[in-house]
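Beneath this line is the structure, given in C-alpha cells, with notes to follow.
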Amino acid sequence: MNTELKIQTTDLYKDFGPDVQVLKGIDLKIKSGDFIALMGPSGSGKSTLLNILGALIRGTEGEVEINGRSINNLNKKELTLIRRHEIGWIFQDFNLLQNLTAIENVMIPLHLDGMTGKNATEKAMKLLERVDLADRAHHLTDALSGGQQQRVAIARALANDPDIILADEPTGNLDSESGKSIINLFLELAKEGKSVLMVSHDVALANSAHKVYVLQNGKLVEEIDSMEVEI
Amino acid sequence: MGIMNILDSAFHSFQSILRNKRRSTAMIAGIILGVSILSGIIIYTEVLQQENFESIVDSAEYEVSFKVIESIHGESHLWDVSSLIQNDVRIESSTVITGPRTSVFDNEKNSFVLTLSSELEDLDPESELSAFTPLFVRDNFTDTSISDKITSSIVGSFNLTSTETNQTVIPEIIATQFNLQVGSIIEHINITVAETVERGPSAGVPAKSETFTLENVEVTGIYSSSGGAAGLFANFESSKLYFNTAILDRFGENVMPLINEYKYQYLAVKINSNEFTITDLDLMNTEINTLINDISQLAIGESGDTTIEGTNEIEQLLGPFEILNVLLIIFDVILVLPLVILCLYLLSFGLELALEERKREIGIFKVQGADSKQIFTMIRNESLVLFSLGATIGYLSSIFGAWIIGSATGFMEFDLDNINQFNQFVSFNVAALVTSVLIILAVLTINVYKKGREFIDLEVTEAVQRGSKIKKGFFRRNNLDIFMVAYGLLAGLINILIWETQFFEAEFFKKINFDPNTFIWTLIIDFLGIIFLWLGAAISGARIAKWLPQKSERLFLSLPKLKNVALIIRSGLKRRGDIDNLVFIIVLTLSISTLAGIQGVTDQALAEDTLEYNIGADYKITFSSRSNRSADIMQYTGVKEVMELPTVSASVLSSSTTVYGMNPDIISSLLWHDLGFEEVSLEKALADFKVKGDIPKVMIGTLLAEELTASIGDEINLRVKIADPVENVTDIARLKVKVIGTFNHAPGGVDQDSIVANYDTITELQSLIANNTLVYDDQIPANTYLVNAKNGVDKNALERDFTSLEGYNEIRNVEREISEIGQENNYGIPGLLTMMYLTSLIASIISAFAFSAIIMERRKREFAVLQTVGATSTQIYTTAFGENFLVMLTSVIWGTIAGLGLSYLMNGFFAFIGEFLGRGELPRTIVLEWNTLIINGLIILVGMLSATLISVISSVRQDLTEATRTI
C-alpha cells in the first residue's frame, strides 16, 4: 500500500484572541491508509485542529501540508479547490440539502466541479451502491433514517475522490448499530488508501481506528494504539 | 416602575436591537415609512392649502367692500372715504363701483329689486332689457390692482379715463356677437334703471323706470368673459359693460336718485396681503374685520355713527374653498391610503419575522423559567424603542420629503432652488407628528399584543424545533385570490372597452337599456375592481411566482452559467415559502409605482395636450383690432406659415355658436390631435373640406352636433343677423352648409359647441351680415392668428419679434408654455403622484433588503456546507441569483400588470378630479410609456437582486466552522 504522507503539521499553533491559545505546537503526520481517531476533553481543540486540516480556517503559526503542499499561503479559491478535490467532509448533523434526493445530494460536488448530466448520475449511483443505498437513491433526505443520511453524506464526501476524509463526530446522532456500520465504511476507505481522521467521544468506536490521538490543552499528548484504549 | 428602571430597560432593549439589526430592519422600515407618509401628507396638504389660499387672495379683485347705510349718502361719499384710506399700509388700492349688487328693498307685502340694464339699440334692437348690465367705475379704476386682475385678459386697454367723451369696455361675447373691435363706435346705448316688484301681489310690475341714452360710445377695450378668482366674484362675470362714473354725472340726474335709494354703489378695497397673516385663515379674517371697522370709523357722520357698512368678501370665499380643501384631502387620502396600508403591512410582517427569528430564543427563555409576562415585556420594550427611533427618523424624513414633493413642477420634475418654499415645510407641525405617531403606534401595539402572545404561547418543544410550517392564508386556501384577480382584470378590461377605446358605442347601451355612468356600476366595476385587483394580485403573486419558475425551471437551469449549481437552485426553489411575503410586498408596491408612473405621465401629457389644443400652433397671436396682418407676420424669416382665425357669431335652430374660419391647406399642420375627431378621421374630413361643392362644408363640435342631432352628411342652416344702419332695419340671413366632420376640440381653443368653416364660407357669412355691402379681397381680417415656425428657429426670439407688431395684444407660445407647465397651480397632483411613485419604490427596495437579509441569514448554514464541499464564492452568488431571479422577475411582471389594470380602473377618478379642479376638458387618455414601465420594473428587479446578492456577501464571508458546527 502506498504510505505517502497525506497530512503533515509542524509546530502548529492556533490562537483565538490574545488570551485564548487553542492549539499549542501540534506536530502531526497522517499517511494514506491511516484511520485516525482524535479524542480529548471538551475544549481541547479537536474540532479546531480538524477545521485547520480541512482548510476551513488557518493556523496562527506553524506549517500545514496537504498532499505535500503547504496550504498556509493559499488564497480562498485555492483552499476551496483543496476542499473540493482533496478533502471529503462528514458532519455530525449530516448537513444534507433538504428538498433534494439522496442521489442529488451526492451529485452536488460533482456539479460544482463541472461534471453534470449522465456522467454525474452514474458516478453518484455507484457511490450510493458503495454505501448500500442504491435502492433509496431517489428518496428525499427527509425520508431517510439518521444512519442512511450519514451514509449519503459519506457518499457525497467521496464524490470527487478525495484522498482525505475528515469526520467530525460522525456517529454522534446515530445509534450504536448505525455507528458501527459507519466505522466499518471508514475502515474500508482506509484499506483503499484514503486517510481518515475522525473526531469522536465514543471510546469503543475510537478503538476501531488504527490509531488514537489524544488532545489535551491544545497539545497532542498521546498517541495510543487503538487496542490500548480503555472502554 | 421608576425612571431608572425605564431607562435601564430601554438601554437593554436598544442593545438587543443593535446586536440583531437584521431582524429589526423590516419593522423599523415600516415604522419610518408609515410615520413619514402620514405626517408628510399632512404637512404637504397644509402647505398646499395655504398656497392655494394665498393664490386666491392674490388673484381676487378685492377682499373688502363697503356700501352706504343711509340713502342720503351716495357715490361721492364713498369716493371721499376712498381718499381717506389711501395711505393705509394695509390697503393696496381702492375704487368706487356703481353697479349690480342686487338690492332688495323690502316693503310690507312687496319686495323690490333694482336692475340696471343696457340696450345696444342699434345692434340688437329686438332685445328689450338685455343681459348687458352696465358697471360704472371711477377713472382711477384703470390704475388699481383691482382692474389688473381682469386687465390681463383684455384686448386694447381698460381705458375709461375720459370724463368728456363716452367710452366703454365690453366683454368678448358682445364683441363677437356684434362684430365690434377696439375703436368701434356704438352710436346709441340706452341705460335703464328700473325698480320692479319682485315678489308679492304686484310681482312683475315695473314700479319706476328711468332711461338715458349714450351716444357715440367708443370701445376702448374688449375683455375675456371670465374674471375674478376662480370665477367666484360675481361682480366681474361676463356680460358687463364698463363706463366711467362721470357718465352718470353728465346724463344720469334722473337715475341717480334711484341708484342712491338702492345704495347701488360700493367701495371696493384690495388689501395689501403682506400686512395680513395669510397663513392663518381665522387670524386673517379677524385682521380684515379690524380693517373694516377702522374704515367704518373714518366714515362717521353727523349721527355719530358710521355711514358705511363693510363686508368681508373673502370670508364668503372660504366656504367653497374649504369644500375644495376637503375634497383635496379626500383625494390625497385615497392616493396615500395604499401606501399607508403597505407600510402597516411591512411593519406587521416585520414584527412577525423578528419574532420568528426569536422563536428559539423565546423557547429557551421559557425553559429557563421566564414567565409569559417577562418575555412579553422584553418584546414590547424592544418594539417601543424601535418605534421611538423609527418615528423620529420618519418625522424628520417627512419634512424633507414633503418639501421635495412640494417642489414638484411635474411628475418626477423638481424645482429645488426655492429656499423660501423649504422654510414653509420645515416648521414644526404638531398635528402631523401626533396623528402619524398615534396611528402607527396603535397598529404596532395591536400587532405586538396579538403576535407576541401567539409566539409566547407556543409550546416549548415547538418553539425550539427547527423549521416552521408555512400556513397558507384564508384567501389562498380558498382560492379567493384567483377570483379577486380575475374580477379586477375583467373590470379593467371593461373600462378599456367602454371608456378608453369606446369599443361599445352609445347606441349599444341604449339598445340593451343600460347606463354605464350610474353610481352602482361605478361602485361594482371601478371601486371593487381596484380593491380586488390590488389585493388579489398581491396575494396571488406568490402562487404565480412559484408556478412560473417551476414551469421554466428546466430551461432556465440548463443555461451554461447555472448548470454547475442547478441542483442547489432547484433545492432552493422548492423552499419558496420564505419568499411568499416578499413577493406579496413587491407586487403591492410595484403596482402602486406603476399606477403612479402611468398616471403621472398621463397627467403631463394631458397638460401638454390641453396647452396645444388651446394654442393650436407654435404661436397664437391676438391683436387688439381686426385686420389682416398675415404679411406683417410673414416678414419674419423664422415664420413658416400663418393662418388667420376669423370668427362669426351665428345660430343654428335655437343654439348659438361661433363659426371659426380656417385655411384647409394649413389645418393639417396645426396641433389637431386625431383623438379630437369623431366618426371620420381628420384626414378624410380635411380632404373633403378642400373640395369645393355647391354647398359650403363645415365641421361641427360634438356638443353642438348632439344638440342639433346632426351627423355627417346633414345640411344645416347657419343664421346670422343683418345690420343695416342706414335703413335701421334688421333682418336675418341664412346660409345652408353641409356637415363633413365632427370634433371634440379643434386647435386655437375652438370648443365642442363651435363650427369650423373655410374662408369662403366666413366671407360669405360676413357679407350677409353686412347686407352684401362688404367687399373683401384675399386678405381676410381677424383678431387672432395661428403661426407655425420653421424648424430650428429660436422660438423665444421670434416671440419677442411678434410683440413689436402694431396692435399686438397677447401671444401664446406652445413650446415655452409646455416648459412652464409645472409652474401652474396643479393643486399638487404631480407632487402626490411623485410621492406615490417614490415611496412605493423605496418601500419595495427596503423590503427586498430586509427580507433577503433574513432569508439569507436562515440559509447561512447551508451555504457554509456548500463551501465546505467545494463551492466557490462565485458559485454561491450564482446560486442565490438563480434561485431568486425567476421569482423576482415573475413578481415584477405580475406587479406591472396589476399596476396597468389599476391605472385604467383609476383613470376615471383622476379625470373627475381634474375636471373638478378645472384642468381642462380634453378626455384623459392613458399614455403608456413602455420605456418608463420597463425602467420601473428594472429598478425593482435590480434592487431586489442587489439586496439578495449583498445579503449573500455575509454568508460567503462567514466563519465556516461556526456555521457548520453542530448546535
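Only the coordinates and a few stated rules stand behind these numbers; no lab work does. Worth saying up front: this structure is predicted, and the values here are computed from it rather than measured. All Cβ positions, even for glycine, are placed from backbone atoms using ideal geometry, and neighbour counts span all protein chains on display.
Summary of computed values
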{"read-out": "Whole-Hz ³J(HN,Hα) from phi, Karplus 6.51 cos²θ - 1.76 cosθ + 1.60, for the stretch A:69-86, glycine and proline x", "value": "10, 5, 9, 4, 10, 6, 7, 4, 5, 5, 4, 4, 5, 4, 4, 6, 9, 10"}
{"read-out": "HN-Hα J in Hz across the stretch B:275-280 - Karplus 6.51, -1.76, 1.60, θ = phi - 60°, x for Gly and Pro", "value": "8, 10, 8, 5, 6, 10"}
{"read-out": "Above-threshold pairs, the threshold being 30 Å between Cα atoms, out of A:6/A:77; A:31/A:118; A:194/A:219", "value": "A:31/A:118"}
{"read-out": "Mean projected area in nm² (Cα convex hull; one quarter of hull surface) for the stretch B:321-369", "value": "4.8"}
{"read-out": "Percent breakdown of C-alpha pair distances by 5 Å bin, ordered from the shortest bin, for chain A", "value": "1, 7, 14, 18, 20, 17, 12, 7, 3, 1, 0"}
{"read-out": "Projected area, mean over directions - the protein assembly as shown, Cα convex hull, nm²", "value": "65.2"}
{"read-out": "Intensity falloff of the stretch B:473-606 expressed as log10 I(q)/I(0), Debye formula with alpha-carbon point scatterers, at q = 0.16, 0.19 Å⁻¹", "value": "-0.95, -1.12"}
{"read-out": "Cα-based Rg of the stretch B:263-408 normalised by 2.2 N^0.38 Å, two decimals", "value": "2.00"}
{"read-out": "Long-range HN-HN contacts of residue B:272 with modeled amide H, under 5 Å", "value": "B:91, B:92"}
{"read-out": "Scattering curve values for the stretch B:258-336, log₁₀ I(q)/I(0), Debye with Cα scatterers, q = 0.12, 0.13 Å⁻¹", "value": "-0.52, -0.59"}
{"read-out": "Sites excluded, GluC sites (Glu not before Pro) in DSSP loops with at most 13 other C-beta within 10 Å, longest stretch of chain A", "value": "A:5-191"}
{"read-out": "Those trypsin sites (Lys or Arg not before Pro) in the stretch B:841-946 that DSSP places in a loop and that have at most 14 other beta carbons within 10 Å", "value": "none"}
{"read-out": "Radius, Kirkwood style, for the stretch B:615-821 when every pair of distinct Cα atoms is counted (Å)", "value": "17.8"}
{"read-out": "Estimated 222 nm signal from helices in chain A, with DSSP H stretches of n ≥ 4 weighted -39500 (n - 2.57), rounded to 500", "value": "-9500 deg cm²/dmol"}
{"read-out": "Percent of Cα-Cα distances greater than 17 Å, calculated over the stretch B:356-401", "value": "49"}
{"read-out": "Distant-in-sequence amide H partners of residue B:412 (H built 1.01 Å from N, under 5 Å)", "value": "B:834"}
{"read-out": "Debye equation applied to the C-alpha atoms of the stretch A:1-124, log10 I(q)/I(0) at 0.15 Å⁻¹", "value": "-0.84"}
{"read-out": "Dipole magnitude (debye, nearest 20) for the protein assembly as shown, charges at Cβ of Lys, Arg, Asp, Glu", "value": "8840"}
{"read-out": "In the stretch B:295-356, the GluC sites (Glu not before Pro) that fall in loop regions by DSSP, at most 10 other Cβ within 10 Å", "value": "B:302"}
{"read-out": "Tensor-based shape of the stretch A:1-44 (alpha-carbon gyration tensor, a/c under 1.5 rounded, otherwise prolate or oblate)", "value": "oblate"}
{"read-out": "Integer Hz, Karplus 6.51/-1.76/1.60 couplings in order for the stretch B:513-526, x for Gly and Pro", "value": "6, 9, 10, x, 8, 6, 4, 4, 5, 4, 5, 5, 7, 6"}
{"read-out": "Radius, Kirkwood style, for the stretch A:116-208 when every pair of distinct Cα atoms is counted (Å)", "value": "13.8"}
{"read-out": "5 angstrom amide H check on residue A:57, placed H, neighbours 5+ away", "value": "A:52"}
{"read-out": "Most positive-pole-ward Cα, A:43, A:165, A:81, against dipole of chain A from beta carbon charges", "value": "A:81"}
{"read-out": "Packing-based exposure ordering (other Cβ within 10 Å, fewest first) of B:417, A:15, B:332, A:175", "value": "B:417, A:175, A:15, B:332"}
{"read-out": "Per DSSP, loop chymotrypsin sites (Phe, Trp or Tyr not before Pro) in the stretch A:4-81 with at most 15 further Cβ within 10 Å", "value": "A:16"}
